[in-house]
Amino acid sequence: MSYIFVVLNIKKIQILFYYNMKHTKLMRIALWLCMFFSCALVSNAEPDPNYHIYLCWGQSNMEGNATVPASEKVGVDERFRMFYTGNGCTQNGCGRQKGKEYTAVPPLARCFHWNNAGFGPVDYFGRTLVDKLDKEIKVGVVVVACGGASIELFQKTKYQSYLSTCADWLRGYANDYGGNPYGRLIEVAKEAQKVGVIKGILVHQGETNSGNPNWPNDLKGVYEDMLKDLGLNGKDVPLLVGEVRYTGPCRGHNNVIKNVPNVIPNSYVISAANCEAASDDYHFTVAGYKLLGQRYAEKMLEILKNNGSANPQKSVSVAAMITKEDDPGEVEIYVKNEIENIKGIDVYADDKLIASDESKVVWSNVSEGKHSIWAVAHGSDGKDYTSAKTEVTIFETQRPYNGVPAKIPGKIEAEEFDYGGEGNAYHDNDEQNRNGGDRNEGVDMSNEAIGYSQTGEWIEYTVEVEEDGEYIVESRVASGSDGSAFTLYLDGLFIIPGEDGTPGGFVKVPNTGDWSIFTTVETKLNKLTKGVHVLKLEITGDWVDLDCMTFKKVGGSNTGVELVSSAKAIPDGEYMVHDASGKFLKNISISSGVKSEQLSKGFYILRNKEGNSYSILIGK
C-alpha cells in the first residue's frame, strides 16, 4: 500500500493531503488542485522569495566589539533570523549548531567571545529592515568575522599561507570557522539559500589593510568569488561597504574605501560619520554600531525600493544623534516623513511636545538618564501615524571617586569606582544594589567590597600611572563558587597577558569556601605607560567578591600613598570620612595618624562624634 503527500498553498494556508493510491478519484482531484493552486512536495519546498538573506563578513567591527547589552537580548522580532556559522556552541548551555536557523539574538557570529562582546552593525541592520519592510518579509543574516584579520583570510588562494604566519590568537578565531572563514561563509550561505534568497552582501574590513591602495581590487576578487560559488548575479546582489572610524590610526583608509564604487559595479559606501567611537583606537560603542547598522539598512531599503523587489511600508521615523553626551546633554533629532497628505508633524521627548513641523530639532539641556523620542504625523484623512521610539542616554560626567585619579603603584579599593553612573562608569545587570553599601549606585557593593557580580558587568576607575614599566596586581578576592574570574583593561586594551603571552588573560578567583573568606591572588600585567588612564574591571566568571587591588611596579619602591598635609593635628579616635562635596564615604579609626591603607589619594573631610572637622590631603 502506498501514499502520496501533497501540500497546497492557498492564501498562505498550507493544507496537507495524503491518500491511499487505490483511491484514484481522490488522487486525481488532489493532483488537479495541486496544478491549479501551485503546490510542492513537503521535502522539496522552493526558497521563499519573501525571505531575504544577507551575507556579512569582515573584521571585529563586523562581528561587533561592544559588550551585548542585556536589553538588546530581549524583544527581537521573530522575523529577524540568523544562521549560526561557528562550530557548535556549548557555552552557558547555548546549544547553537552550525548552519541552523535561530531568532537573531546577539551575538550573531560566534556565540561566545572572550570579552562578552558581539554587538555590532548587523544587529540594527536586520532590526531596521524588519521594522520598515512589509510584514510578510523575513530577514536572515549569515555572519562570519575575525578580529584583526587581513583581507587575505577571505581570499580562496591565500588564506592558508596567511594563517601559517599569523598570530596564534588569530588562528584561534579562524578555527571557530573550521580554519577557513570564507569556506564556512559559503557553506552556511548555501544552507540559507534552501529557504530564502540572497539579497545583498555586507562587508566591514580594512583596518588591518589600512591605506593599501589595492584593497578595492582585493575586495572585488572576494566578492566575485562569492557570487560565483553561490550562483549569484552581481546585478541582483549589491555589495555594501562600511567605512572605518573617523578617529584613530585607520581613519585614512576611508580615502581608499571611497574608491570601491569605481572598481566594483553595484557597490555602495556606508558612512561612519558621527558613529560613536569606543575608548580604543579601532572600534565603536553600542550607539555607534546601532547608527552604522541603521545606515546599512537605509541604503538596502533604497536599493530594494528602486528595483521593486520589496514593498517598504511608508512611515514617519526619527533618528537621533547625541552631540553632547554628558549632563546637560544635547541631541539632534532628524524627522523623516514618507506619508503623503500630512497636515503636520509633532516631535515628542519623554511625553512632552518639543517641536512641530521641523525636519531637524536641537533638543538642549537634556538631563542625565535614558530618554525616548518619537514623532506623530497627522494625516489629512484624520489618521495619526506614530513613529517607533528612539532611545538616547545622557551620562553623568565621569570623574574619579576621590576627585583625583588613583595612583599606580598603590591600592585601589574596589568600592571606590568612578562617578558617572550606569553605562558610563559601570554596568550592572540590574539597578538594585544587593550588597548594602551607602553609594546610591546599581553596583552590588558594601562599604568595603563589591559582590554579587555576574559575567559581563564592569566598573571603571580613573588612575594615574606614575612610571612606565612592568607591574603586578595583588587582588584581594573571595568566592563560594568555581570559575569566578575577571579581567582588566587600560583605556580599552587588555593589560593581563594570556597563557600564550598575547592579550586576553584573566584573574582566576579560587573557590575560597565562602564569599566572606578573602585571599590574595597575584597577577602579572603587561607594560603600563605613564599618565592618566581609565582602568576597567570586567567580570568574566560569575560571583567574584573583590575587596581591593594593589598595584606594584616590578623592581620599584611601590611606596603607594602617604599623608601629605592636614590643616591641623588630628586626634586619635573614630571618624566619619566625607569627600570634598560632603558625601559620606566610610568610618575609620585613627591611631597615630591616618594610614595609607585606610584612604587612597584624594581630599577628605573627617568628622568625629563631637562635631569637630578636619580636612586632609592624601597624596604622594
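Those strands (runs of 3 or more DSSP E) of segment 393-469 in which at least 2 residues are of a type in the set (D, E), closer than 30 Å to K530 by Cβ and open to solvent by 10 Å² or more (accessible area, probe 1.4 Å), considering only elements entirely within it, cover 458-465.
When G611 is tested against (1) open to solvent by 70 Å² or more (accessible area, probe 1.4 Å); (2) at pLDDT below 85; (3) not in a strand (DSSP E or B), exactly one condition is not met: (1).
Among the residues of segment 369-385, those identified as of a type outside the set (F, W, Y) and open to solvent by less than 90 Å² (accessible area, probe 1.4 Å) are G369, H371, S372, I373, A375, V376, A377, H378, G379, S380, G382.
The set of residues from segment 452-472 being in contact with an Asp or Glu (Cβ under 9 Å, 6 or more places away or on another chain) and under 21 Å from N402 (Cα atoms) comprises W458, I459, E460, Y461, T462. When segment 145-170 is filtered for residues that are among the polar types (S, T, N, Q) and touching a Ser or Thr at 6+ places or on another chain (Cβ under 9 Å), only S150 remains.
Going through (1) exposed (fewer than 15 other Cβ atoms within 10 Å of the Cβ); (2) over 28 Å from K132 (Cα atoms); (3) at pLDDT 90 or above one by one, E302 falls short only on (2). Quick check on segment 583-597: of everything there that is open to solvent by 40 Å² or more (accessible area, probe 1.4 Å) and outside any strand (DSSP E or B), which residue is modelled with the highest pLDDT? Residue satisfying both the conditions and the ranking: S591. Looking only at residues in segment 132-151 that are open to solvent by less than 70 Å² (accessible area, probe 1.4 Å) and of a type outside the set (A, V, I, L, M, F, W, C), the one that is nearest to A297 (Cα to Cα) is K132. Could you say whether any residue in segment 471-481 is open to solvent by 40 Å² or more (accessible area, probe 1.4 Å), closer than 19 Å to K508 by Cα and more than 24 Å from the chain's Cα centre (by Cα)? Yes: one or more hits. Screening L163, L170 for residues that are part of a helix (DSSP H, G or I), farther than 25 Å from G288 by Cβ, touching a helix residue (DSSP H, G or I) at 6+ places or on another chain (Cβ under 8 Å) and hydrophobic (A, V, I, L, M, F, W, C) leaves exactly one candidate, L163.
Yes/no matrix, rows are residues, columns are (1) open to solvent by 60 Å² or more (accessible area, probe 1.4 Å); (2) at pLDDT 85 or above; (3) under 30 Å from V139 (Cα atoms):
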| position | (1), (2), (3) |
| --- | --- |
| Q313 | yes, no, yes |
| D326 | no, no, no |
| G329 | no, yes, no |
| I339 | no, yes, yes |
| I342 | no, yes, no |
| A349 | no, yes, no |
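Apart from one condition, W515 fits all of (1) modelled with pLDDT of 90 or more; (2) within 30 Å of S481 (Cβ to Cβ); (3) touching an Asp or Glu at 6+ places or on another chain (Cβ under 7 Å); (4) open to solvent by 40 Å² or more (accessible area, probe 1.4 Å); the exception is (1).
Annotation for segment 502-511: no member residue is in contact with a Leu (Cβ under 7 Å, 6 or more places away or on another chain) and not in a strand (DSSP E or B). The set of residues from segment 524-536 being open to solvent by less than 70 Å² (accessible area, probe 1.4 Å), closer than 15 Å to G555 by Cα and part of a strand (DSSP E or B) comprises just one member, L528. F154 - would you say it is under 29 Å from I496 (Cβ atoms), in contact with a strand residue (DSSP E or B) (Cβ under 7 Å, 6 or more places away or on another chain), open to solvent by less than 10 Å² (accessible area, probe 1.4 Å) and touching a residue at least 40 places away in the same chain (Cβ under 8 Å)? It is false that F154 is under 29 Å from I496 (Cβ atoms), in contact with a strand residue (DSSP E or B) (Cβ under 7 Å, 6 or more places away or on another chain), open to solvent by less than 10 Å² (accessible area, probe 1.4 Å) and touching a residue at least 40 places away in the same chain (Cβ under 8 Å).
Every residue, every condition in (1) within 24 Å of the chain's Cα centre (by Cα); (2) among the acidic types (D, E); (3) closer than 22 Å to G288 by Cα, yes or no:
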{"site": "M321", "(1), (2), (3)": "yes, no, yes"}
{"site": "P328", "(1), (2), (3)": "no, no, yes"}
{"site": "I333", "(1), (2), (3)": "yes, no, yes"}
{"site": "N337", "(1), (2), (3)": "no, no, no"}
{"site": "I342", "(1), (2), (3)": "no, no, no"}
{"site": "I345", "(1), (2), (3)": "no, no, no"}
{"site": "S356", "(1), (2), (3)": "no, no, no"}
{"site": "V362", "(1), (2), (3)": "no, no, yes"}
{"site": "V366", "(1), (2), (3)": "no, no, yes"}
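Looking for something out of contact with any Gly (no Cβ under 9 Å at 6 or more places or on another chain) and in a loop (DSSP other than H, G, I, E, B) - is there at least one such residue anywhere in segment 471-478? No: zero hits. Of the strands (runs of 3 or more DSSP E) entirely within segment 178-283, those holding at least 3 residues that are open to solvent by less than 10 Å² (accessible area, probe 1.4 Å) occupy 197-204, 239-242. In segment 373-392, which residues are part of a strand (DSSP E or B) and touching a residue at least 60 places away in the same chain (Cβ under 8 Å)? Correct list: V376, A377, Y385, T386, T390, V392.
The values are calculated or read from the model by the stated rules, or taken from the named source; none is laboratory data. Computed from a predicted structure; not experimentally measured. Reconstructed Cβ throughout: ideal geometry from the backbone, glycine too, with neighbour counts over all protein chains shown. Each accessible area value is taken on the protein alone, full model and side chains, heavy atoms only, with ligands, DNA and RNA left out. Shrake-Rupley method; radii C 1.70, N 1.55, O 1.52, S 1.80 Å.
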